[in-house]
């Protein structure tokens, strides 16, 4: 009797498993049609001599697909995680990217489905040309800061950048060396490795600028009468005409200050910094610019420091490479943000 019951139990389990397998096979072979959304990102193939000059690199799309349940689920997960679309053209110009074709070329889960529709169906892109130029290496060291001459190896770098950026970069073209002056000694020359950074003139194209080599070696000996210190926070000021402030709300993107600013100069000037009765600040000038709503990326035009002190670096950037992002919104615009309370405006 017990053996009979065991046999019946095994039969029931086997029948259940067989039924489940048949059901799963039927479900897999059943075609479903569904819609779902996710993100795609257009990317230029590594090493291509073009870059995305206009058009959005990221886009939220909605697709309507047909296929098996498992294939649809895989495609849904892939699009939710984001799918990178390679730009096929390798020449500069305007292109319309067929999103459906690009999806199936870039994603195996999408190739397993029939894509019925995509919204938007196409992405309009403009590709610009990448060129290479030679540039010297600028050091945050003046002749009165060092004994003898500072030597940098190599003496120049190769910069890979958009062709339109070259016109905005005045000659003599130089990249900036990031140095901590405290790394040098006063008793003998010392070699220090310095990271190379693009100047502020190239800040608009920062995502497309590459410097080779990425580092240089600087050999120098500081004069004994020179000193340095770090100012934790230097507030930013905006210099513009009263008309500019009457027409626009000027907002500083991010912290309204420059952080961790290293300054150097005569030891007496460094020692007197805390007792200086002036105001330390960094100034950005809008006064001589033709203004329009939108974003501006501008350099620091004036560091208000005690006489004899000069900034050498700010955080992980040479002082000469610091770029400030401003957003100008017309006064009275519905979505105009309030002025940053920590970014005092200066009218001159």
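The table that follows gives values for the structure above.
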item: Any hit, the stretch 81-89, residues being in the same structural domain as residue 107 (by TED's automatic domain parsing), more than 29 Å from residue 129 (Cβ to Cβ) and at pLDDT 85 or above; result: yes
item: Subset of the stretch 98-125 [farther than 21 Å from residue 68 by Cβ and surrounded by fewer than 13 Cβ atoms within 10 Å (Cβ to Cβ)]; result: 119, 120, 121, 124
item: Matching option when the condition is under 22 Å from residue 203 (Cα atoms), over 19 Å from the mean Cα position of the chain (by Cα) and surrounded by 15 or more Cβ atoms within 10 Å (Cβ to Cβ), among 305, 328; result: 328
item: Residue that is surrounded by the most Cβ atoms within 10 Å (Cβ to Cβ), among those in the stretch 41-95 that are assigned to a strand (DSSP E or B) and in contact (Cβ under 8 Å) with a residue 60 or more places away in the chain; result: 51
item: Residue match in the stretch 23-33 (condition: modelled with pLDDT under 75 and either part of a strand (DSSP E or B) or surrounded by 14 or more Cβ atoms within 10 Å (Cβ to Cβ) (or both)); result: no
item: Within the stretch 193-295, strands (runs of 3 or more DSSP E) holding 2 or more residues that are under 31 Å from the mean Cα position of the chain (by Cα) and surrounded by fewer than 16 Cβ atoms within 10 Å (Cβ to Cβ); result: 210-212, 215-220, 226-240, 257-266
item: Boolean, residue 138 is surrounded by 12 or more Cβ atoms within 10 Å (Cβ to Cβ) and within 28 Å of residue 318 (Cα to Cα); result: yes
item: Hits in the stretch 170-186 - residues which are surrounded by fewer than 18 Cβ atoms within 10 Å (Cβ to Cβ) and in contact with a helix residue (DSSP H, G or I) (Cβ under 8 Å, 6 or more places away or on another chain); result: 170
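The values are calculated or read from the model by the stated rules, or taken from the named source; none is laboratory data. If you're wondering where the values come from, they're calculated on a predicted model, not measured in any experiment. Quick reminder, even Gly has a Cβ in these numbers, built from the backbone with ideal geometry, and neighbours come from all protein chains shown.
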